[in-house]
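Data first, discussion second: the structure below is written as structure tokens.
The values are calculated or read from the model by the stated rules, or taken from the named source; none is laboratory data. Small disclaimer: the values here were computed from a predicted structure and weren't measured. Note: ideal-geometry Cβ built from the backbone for every residue, glycine included; neighbour counts use all protein chains shown.
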Amino acid sequence: MRKSLLALSLLAATSAPVMAADYSDGVRKNDFSWMQFNVMHTIDEKPGDVNHTYLEMEFGGRSGIFDLYGYLDLFNPSNSSSSEKDGADRLFLKFNPRMSIDAATGVDLSFGPVQELYIASENIVDGGDAGYKTKWGLGSDVMVPWFGKMQFNLYARHDLQSHEWNGYQISTNWFKPFIHFENGSFISYQGYLDYEFGMDDNNGANSSHGGAMFNGIYWHVDHFALGYGLKLYNDVYGIKDSSKFPSSGAAHYFAATYKF
């Protein structure tokens, strides 16, 4: 299902016109930054069917040749002994910098619906045994009908514990306002898809593939947002689904956001 959705998006994008990134006035003309705080509550989060509330600082922007997205999660912020995250790792960081090849070289690399190309990476830091994971590859901004600009990134996964390359990941994300109100507020469909494949499942407990797709409906006003997200999992993080430790299925996310 997830592969089909991604394939349909790419197929639809092939009919979009060429729209190259514009650096005619220098690489700084498109600079911007943003940051927001989210209070999140999950029901049946995978892996493990966990219900919990956490705080999230989410940030991103553009500075010259660099494009950035990231977030930092603080689990069990009240340090409650009744939390299903009690005794677990408290922090989780995802940090996704990309460097524009077009902006760095001054060469227009756009073609078809592809607006810009990047050297892309995804870096994850947590306090568990996995510690630090990194992925590197090629990124792009693609103009897709109705959705507008979407990212499509293809990474190779580097296992820092074994110092080996192990599998690949394809990722995309979107943010599409589709209902606008007279007071300036709007409702958006926003989310992402991460799918890992070609991994070495050498210990019998893991899967060679896995991923997650987040589908969020959010109401936005100037400094606030409220949203609900349905997240679909399939052997997420390459963990084979089981009755003792579910890693496939659906979870529900409720969010309240303050925008800086």
Restricting region 52-88 to residues that are charged (D, E, K, R) and surrounded by 14 or more Cβ atoms within 10 Å (Cβ to Cβ), the residue that is farthest from Ser171 (Cα to Cα): Glu84
Can you confirm whether region 194-202 contains a residue that is of a type in the set (Phe, Trp, Tyr) and within 16 Å of the chain's Cα centre (by Cα)? yes
Return only the number of the condition from (1) outside any strand (DSSP E or B); (2) among the acidic types (Asp, Glu); (3) within 24 Å of Met57 (Cβ to Cβ) that Asp194 does not satisfy. (1)
Report, ordered by the first and then the second residue, all pairs with beta carbons closer than 9 Å, sequence separation of six or more or different chains, a first member in region 200-226 that is under 18 Å from Tyr168 (Cα atoms), and a second member that is modelled with pLDDT of 95 or more and surrounded by fewer than 16 Cβ atoms within 10 Å (Cβ to Cβ). Met213/Leu230
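Does region 109-135 hold any residues that are exposed (fewer than 15 other Cβ atoms within 10 Å of the Cβ) and free of Cβ contacts under 8 Å to residues at least 60 places away in the same chain, and which are they? Give the derivation first.
Taking region 109-135 as the starting set, the residues that turn out to be exposed (fewer than 15 other Cβ atoms within 10 Å of the Cβ) are 111-112, 127-132.
Once the filter is applied, which keeps residues that are exposed (fewer than 15 other Cβ atoms within 10 Å of the Cβ) and free of Cβ contacts under 8 Å to residues at least 60 places away in the same chain, region 109-135 yields Gly127, Gly128, Asp129, Ala130, Gly131, Tyr132.
Scan region 144-166 for residues that are assigned to a strand (DSSP E or B) and either in contact with a helix residue (DSSP H, G or I) (Cβ under 6 Å, 6 or more places away or on another chain) or under 15 Å from Tyr237 (Cα atoms) (or both) and jot them down. Can you show your working first?
Initially, region 144-166 is screened for residues assigned to a strand (DSSP E or B), giving 144, 148-159, 164-166.
Val144, Tyr155, Ala156, Arg157, His158, Asp159, Asn166 - these are the residues of region 144-166 that are assigned to a strand (DSSP E or B) and either in contact with a helix residue (DSSP H, G or I) (Cβ under 6 Å, 6 or more places away or on another chain) or under 15 Å from Tyr237 (Cα atoms) (or both).
Can you find, within region 140-188, the residue that is nearest to Met99 (Cα to Cα) among those that are of a type in the set (Gly, Ala, Ser) and without any contact (Cβ under 8 Å) to a residue 60 or more places away in the chain?
Residues of region 140-188 that are of a type in the set (Gly, Ala, Ser), as a first pass: 140, 148, 156, 162, 167, 171, 184-185, 188.
Next, only the ones that are without any contact (Cβ under 8 Å) to a residue 60 or more places away in the chain stay: 140, 148, 156, 162, 171, 184-185, 188.
Values: Ser140: 10, Gly148: 21, Ala156: 16, Ser162: 27, Ser171: 16, Gly184: 33, Ser185: 32, Ser188: 27 Å.
Per the stated criteria, the residue is Ser140.
Out of all the residues in region 31-39, is one or more at pLDDT 85 or above, over 30 Å from Gly112 (Cα atoms) and either among the basic types (Lys, Arg) or in contact with a helix residue (DSSP H, G or I) (Cβ under 6 Å, 6 or more places away or on another chain) (or both)?
no
Does Gly106 qualify as being exposed (fewer than 15 other Cβ atoms within 10 Å of the Cβ), in contact (Cβ under 8 Å) with a residue 60 or more places away in the chain and either closer than 19 Å to Met150 by Cβ or in contact with a Cys (Cβ under 7 Å, 6 or more places away or on another chain) (or both)?
On the way: exposed (fewer than 15 other Cβ atoms within 10 Å of the Cβ): yes; in contact (Cβ under 8 Å) with a residue 60 or more places away in the chain: yes; either closer than 19 Å to Met150 by Cβ or in contact with a Cys (Cβ under 7 Å, 6 or more places away or on another chain) (or both): no.
So Gly106 does not fit the description; no.
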Near pairs, Cβ below 7 angstrom, 6+ apart or cross-chain, from region 233-255 (without any contact (Cβ under 8 Å) to a residue 60 or more places away in the chain and assigned to a loop (DSSP other than H, G, I, E, B)) to any residue that is buried (at least 19 other Cβ atoms within 10 Å of the Cβ) and of a type in the set (D, E, K, R): Asp241/Asp235
Scope region 240-260; condition buried (at least 17 other Cβ atoms within 10 Å of the Cβ) and under 18 Å from Leu55 (Cα atoms); matching residues: Ala251, Tyr253, Ala255, Thr257
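Answer yes if at least one residue in region 123-143 is in contact with a helix residue (DSSP H, G or I) (Cβ under 7 Å, 6 or more places away or on another chain) and either modelled with pLDDT of 95 or more or not in a helix (DSSP H, G or I) (or both), and no otherwise. Give the derivation first.
The initial filter retains those residues of region 123-143 that are in contact with a helix residue (DSSP H, G or I) (Cβ under 7 Å, 6 or more places away or on another chain), namely 142-143.
Among the residues that remain, those that are also either modelled with pLDDT of 95 or more or not in a helix (DSSP H, G or I) (or both) are: 142-143.
Yes, region 123-143 contains a residue that is in contact with a helix residue (DSSP H, G or I) (Cβ under 7 Å, 6 or more places away or on another chain) and either modelled with pLDDT of 95 or more or not in a helix (DSSP H, G or I) (or both).
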Filter region 217-239 down to the residues that are in contact with a strand residue (DSSP E or B) (Cβ under 7 Å, 6 or more places away or on another chain) and surrounded by fewer than 18 Cβ atoms within 10 Å (Cβ to Cβ), then identify the one that is farthest from Glu182 (Cα to Cα). Leu230
Of the residues in region 91-103, those that are of a type in the set (A, V, I, L, M), within 15 Å of Asp67 (Cβ to Cβ) and surrounded by fewer than 20 Cβ atoms within 10 Å (Cβ to Cβ) number 2
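Condition check: modelled with pLDDT of 95 or more, farther than 20 Å from Thr42 by Cβ and surrounded by 15 or more Cβ atoms within 10 Å (Cβ to Cβ). Does Tyr195 satisfy that?
Yes, satisfied.
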